[in-house]
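Single-structure report; data block below.
The values are calculated or read from the model by the stated rules, or taken from the named source; none is laboratory data. Every value quoted in this text rests on a predicted model; they were computed, and no experiment measured them. Using ideal geometry, Cβ is built from the backbone for each residue, glycine included, and neighbour counts are taken over all protein chains shown.
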């Protein structure tokens, strides 16, 4: 997963296999990533995007915007500070708030 962030931050469209948190992190197929399920699917998608380089560049641009908006070190530090300053880090309220913030892309 870490490489997906690095690729996206560089403005390149990440090609990702599906993982449970991918959409929650903002990587959406055809919008901020290219998601494939098998190697044959990957090959088909690569060939299709070779004929659509502008669309692939746009996915890369949106992926870079996503990473800058939601996945910088500043975002992670803010998350940890909030977690450390919580009287009960395991509380359902904090867990719900942090999960919701992550999904919605809000700054913590």
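Key figures for this structure:
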{"read-out": "Within region 1-52, considering residues that are part of a strand (DSSP E or B) and in contact with a helix residue (DSSP H, G or I) (Cβ under 6 Å, 6 or more places away or on another chain), the one farthest from residue 75 (Cα to Cα)", "value": "34"}
{"read-out": "Verdict on residue 92 being farther than 22 Å from residue 5 by Cβ, loosely packed, with under 12 Cβ neighbours inside 10 Å, more than 16 Å from the chain's Cα centre (by Cα) and modelled with pLDDT under 85", "value": "yes"}
{"read-out": "Identity of the residue in region 74-84, over 18 Å from residue 24 (Cα atoms) and out of contact with any helix residue (DSSP H, G or I) (no Cβ under 9 Å at 6 or more places or on another chain), that ends up surrounded by the most Cβ atoms within 10 Å (Cβ to Cβ)", "value": "78"}
{"read-out": "Within region 1-26, considering residues that are buried (at least 19 other Cβ atoms within 10 Å of the Cβ) and without any contact (Cβ under 8 Å) to a residue 24 or more places away in the chain, the one farthest from residue 57 (Cα to Cα)", "value": "22"}
